[in-house]
Protein chains: 2
Amino acid sequence: MKKLINSPETVLADSLVGVAAAHPELRVDHVNRIIYRAAPTRAGKVALLSGGGTGHEPLHGGFVGVGMLDAACAGAVFTSPTPDQMLEATKVVDSGAGVLHIVKNYTGDVMNFEMGAELAAETGIVVSVVVVNDDVAVEDSTFTAGRRGVGTTVLLEKIVGAAAEEGRDLAAVTAVARQVNESGRSMGVALSSCTVPSAGKPTFELPENEMEIGVGIHGEPGRRRVPLAGAAEVARQLVEPILADLDFTGAPTIVMLNGLGGTPLIELYVMYAEVRKILDAAGITVARSLVGNYITALDMAGCSVTILKADDDLLHLWDAPVNTAGLRWGI
Amino acid sequence: MKKLINSPETVLADSLVGVAAAHPELRVDHVNRIIYRAAPTRAGKVALLSGGGTGHEPLHGGFVGVGMLDAACAGAVFTSPTPDQMLEATKVVDSGAGVLHIVKNYTGDVMNFEMGAELAAETGIVVSVVVVNDDVAVEDSTFTAGRRGVGTTVLLEKIVGAAAEEGRDLAAVTAVARQVNESGRSMGVALSSCTVPSAGKPTFELPENEMEIGVGIHGEPGRRRVPLAGAAEVARQLVEPILADLDFTGAPTIVMLNGLGGTPLIELYVMYAEVRKILDAAGITVARSLVGNYITALDMAGCSVTILKADDDLLHLWDAPVNTAGLRWGI
């Protein structure tokens with residue numbers, strides 16, 4: 001294993017020191033492993049909290065800032081944060097207008113966020129929850145009952161963050177979150193495994209001439225292993241299941257071509273070109289595009305496609321100013 | 001070789017199709033392989049042109065937009081663009097106020113940009129040139145007479161882009177460019193090789209327990225191969241040669257911790273934490289930070305550190321609005 005770390009045991013703590021040093025607009029609670037905004041939540045603004053295992057950066061800590069999350073809880077690599085972390089974070093960000101918990105659908109995250117929300121409710125904080133489950137690859141999976149939560153989480157945090165920043169109340173913010181989750185679909189492919197620092201070796205073995213279609217962001221198995229193919233064919237194998245799952249015609253869409261961590265940007269643009277050809281041929285209107293590494297799986301080579309069926313309101317919220325390490329415009 | 005491409009021969013052309021599809025604010029000349037702004041250069045504004053071999057994305061095409069470059073010429077992977085491309089790009093972006101060519105110090109780039117500038121001068125366009133040579137690792141190297149141009153190029157394109165946007169004239173813009181180059185220093189480390197698509201195999205072999213200190217962005221040899229070490233020790237081996245080369249005390253600095261393409265963001269933050277500890281101990285003031293993948297070497301695992309000795313004017317230009325695929329704020 002070759003990694004730029006001090007030790008597998010300290011990788012999360014050490015990285016949080018770096019986050020605090022690089023981003024004066026953020027604060028880090030090193031004990032509870034929470035990244036939050038330096039400026040307290042404005043009175044009356046609904047707060048957004050997410051979190052999950054480390055290893056998917058910039059998700060979630062890289063999306064804390066004006067226009068997106070108010071805080072993110074960081075678990076160990078590929079491990080859910082604890083209910084205590086969620087409670088602490090919820091208390092830190094609540095301004096009295098309530099807190100939306102954004103949870104990717106993995107058993108540990110769902111369970112711990114549920115307990116965190118209960119603990120917060122006992123302190124009198126109103127918590128609402130959205131569980132993201134947009135991965136069309138498999139219905140149940142390692143760590144998951146139901147579909148996994150992947151790329152739509154990125155788009156949801158941006159869009160719902162803007163809704164909260166506008167001053168919409170908790171019910172309205174939650175409704176936007178549910179709309180985004182119901183309207184977004186994703187599918188990914190791995191060309192290589194990732195290596196979890198504490199394991200010290202690749203999570204799975206993938207022969208030199210094969211790829212894993214429908215892979216999860218922790219290296220969970222996908223739909224099938226198939227021979228390596230060209231970008232056009234890979235795009236087809238990712239986009240067709242998404243289009244089969246939801247009708248994306250008749251509305252503007254937001255399309256994300258996401259790198260899983262180990263794939264160069266030039267390849268992501270090659271893939272994006274192929275995805276667009278398929279969408280154009282299918283009569284789907286792409287209103288906004290995002291190409292880059294936004295929800296990753298450590299050093300995994302591969303990518304995922306996310307398509308979100310939007311409307312005027314979602315596009316308006318997408319375009320609103322945002323100031324985070326991972327997504328920034330207008331500020 | 002596992003890559004998300006259609007074929008090694010079409011990777012550049014295919015990626016440019018993706019760039020055009022993803023970025024409506026840009027235009028792509030697919031024949032001459034030039035990425036330029038959709039909006040023509042404002043009359044009186046000095047235009048900024050850069051370019052080089054593909055494989056370092058987001059550099060340079062990802063830095064075309066308001067506040068940075070006006071155009072970028074893309075060569076094949078790790079191969080200089082041709083003088084004809086530079087001539088065409090220079091003609092496209094010139095508004096009459098002249099064009100600054102930003103050239104990384106590699107023999108092919110320097111030679112071809114020189115010829116491109118001569119051809120442009122014959123058409124009556126005033127061209128100025130800055131050659132970036134900030135890599136302290138080695139004096140001469142594969143493809144290079146003198147020091148290689150690396151990370152400072154990113155900071156230079158941002159800062160000088162802002163100077164041009166402000167309406168400074170060609171002499172003033174060129175002076176800022178020279179100041180940035182003279183004030184910036186970089187050094188990198190590789191944990192793995194990269195794989196050029198047309199070669200189909202790693203550029204070099206690096207044993208499982210070794211790293212290459214001072215590596216170039218094409219996999220050129222660095223200063224030495226040493227046993228794999230922890231992040232704190234790697235940071236020391238990168239930062240000490242930089243600090244030995246220039247006195248960074250007594251001025252605000254801009255520090256970039258750059259990923260070479262295959263290293264997860266969490267490791268870059270771990271490295272940034274260690275770099276900051278060294279700079280703090282050395283009494284160096286860090287005014288601005290940038291952590292992420294900005295000048296890459298395809299899928300190489302590793303990182304580089306760039307430190308720029310700034311002043312009030314350079315910080316003011318750094319903070320100015322920018323709207324590119326790779327760097328964006330304030331717009």
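Under the rule a/c < 1.5 gives rounded, and otherwise a/b versus b/c splits prolate from oblate, where does chain B land using the Cα gyration tensor?
Values: a/c = 1.73, a/b = 1.23, b/c = 1.40.
Oblate, since a/c reaches 1.5 and b/c is not below a/b.
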Sort shortest first the distances from A:ASP247 to its counterpart in every other copy, using label points 7 Å along the Cα-to-beta-carbon line, and give them in nm. 7.3
Residue by residue through A:20-32, how many Cβ atoms from other chains fall within 10 Å of the Cβ on average? 3
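Would you list A:TRP318, B:TRP329 from fewest to most Cβ contacts within 10 Å?
On the way: A:TRP318 20, B:TRP329 16.
Least crowded to most crowded, the residues run B:TRP329, A:TRP318.
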Taking a ≥ b ≥ c as the square roots of the eigenvalues of the Cα gyration tensor of the range A:185-319, is the shape rounded (a/c under 1.5), prolate (a/b larger than b/c) or oblate? prolate
If you count, for every residue in A:10-16, the Cβ atoms of partner chains within 10 Å of its Cβ, what is the mean? 6
Most positive-pole-ward Cα, A:THR195, A:ALA231, A:GLY292, against dipole of the range A:185-319 from beta carbon charges: A:THR195
Exposure proxy check: B:HIS56, B:HIS30, B:HIS101 ranked by fewest other beta carbons within 10 Å? B:HIS30, B:HIS101, B:HIS56
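Can you show me the helix-derived [θ] at 222 nm for the protein assembly as shown, built from DSSP H runs with n ≥ 4 at -39,500 (n - 2.57) apiece and divided by the number of residues, rounded to the nearest 500.
Numbers: 16 runs with 214 residues, N = 662.
Estimated from H runs of four or more residues: -10500 deg cm²/dmol.
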Taking a point 7 Å out from Cα toward Cβ as the label site, list the nm distances between A:SER198 and the same residue in every other copy, smallest first. 4.6
Lys, Arg +1 and Asp, Glu -1 on Cβ, resulting dipole of chain B about Cα centre, debye, nearest 20: 440 debye
Hey, how many Å between the Cα centroid of the range B:119-175 and the Cα centroid of the range A:93-148? 50 Å
By average C-beta atoms within 10 angstrom, highest first, the peptides B:167-177, B:216-226, B:66-76: B:66-76, B:216-226, B:167-177
3J(HN,Hα) from dihedral phi, the range A:163-172, Karplus parametrisation 6.51/-1.76/1.60, rounded to Hz, x for glycine, proline: 5, 5, 4, 6, x, 5, 7, 4, 5, 5
Shape call, the range A:91-242: gyration tensor on alpha carbons, a/c limit 1.5: prolate
Can you compute 3J(HN,Hα) from phi for each residue in the range A:75-83, using the Karplus curve 6.51 cos²θ - 1.76 cosθ + 1.60 with θ = phi - 60°, rounded to whole Hz and x for Gly and Pro? x, 4, 4, 6, 10, 4, x, 9, x
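Let me spell out the model: positive unit charges on the Cβ of Lys and Arg, negative unit charges on the Cβ of Asp and Glu, origin at the Cα centre of the range B:15-97. What dipole size does that give, in debye rounded to 20? Walk me through the intermediate numbers first.
Details: 6 positive and 7 negative charges, 34 e Å.
In total the dipole reaches around 160 debye.
Across peptide A:189-200, how many C-beta atoms of other chains are within 10 Å of each residue C-beta, on average? Intermediate results must be reported in sequence, preceding the final value.
Values: counts 1, 1, 4, 3, 0, 1, 1, 0, 3, 0, 0, 0.
That average works out to 1.
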Local net charge near B:THR203, Cβ-Cβ under 12 Å (Lys/Arg +1, Asp/Glu -1): -3
For the range A:52-65, Karplus-derived ³J(HN,Hα) couplings (6.51, -1.76, 1.60; θ = phi - 60°; whole Hz; x for glycine and proline) come out as x, x, 6, x, 10, 4, x, 4, 9, x, x, 10, 8, x
Among B:HIS218, B:GLY167, B:TRP318 the positive-end extreme of the charge dipole of chain B (Cβ point charges): B:TRP318
Sequence-separation-based contact order of the range A:120-194, relative, with Cα cut under 8 Å and 6+ spacing, percent: 34 percent
Can you put B:TYR106, B:TYR269 in order, fewest other beta carbons within 10 Å first? B:TYR106, B:TYR269
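Quote the relative contact order of chain A in percent (integer), defining contacts as alpha-carbon pairs under 8 Å separated by 6+ residues.
Working: 798 pairs, mean separation 59.9, N = 331.
It rounds to 18 percent for chain A.
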Quote the charge dipole size of the protein assembly as shown about the Cα centre in Debye, to the nearest 20; the model charges only the Cβ of Lys and Arg (+1) and of Asp and Glu (-1). 80 debye
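Counting alpha carbon pairs within less than 8 Å and at least 6 residues apart, what relative contact order, in whole percent, applies to the range A:209-331?
Details: 192 pairs, mean separation 33.7, N = 123.
With pairs under 8 Å counted, the relative contact order is 27 percent.
At most 10 other C-beta atoms within 10 Å and a DSSP loop state: those are the exposed GluC sites (Glu not before Pro) I care about. Give me the longest piece of chain A that has none. Don't skip to the answer; put the middle values down first.
Working: sites that count: A:GLU205, A:GLU208.
Within chain A, the longest run free of exposed GluC sites (Glu not before Pro) spans A:1-204.
Measure up B:LYS104/B:LYS309; A:LYS45/B:LYS158; B:LYS3/B:LYS309; A:LYS3/B:LYS3 against 29 Å on the Cα-Cα distance and list the ones that go over. Before the final figure, lay out each step's value.
Numbers: B:LYS104/B:LYS309 19 Å; A:LYS45/B:LYS158 34 Å; B:LYS3/B:LYS309 38 Å; A:LYS3/B:LYS3 21 Å.
A:LYS45/B:LYS158; B:LYS3/B:LYS309, as the Cα separations exceed 29 Å there.
Rule-based calculations on the coordinates, nothing more; no lab input. Values in this document were obtained by computation on a predicted structure and should not be read as measured data. Glycine gets a Cβ as well: all are built from the backbone with ideal geometry, and neighbour counts include every protein chain shown.
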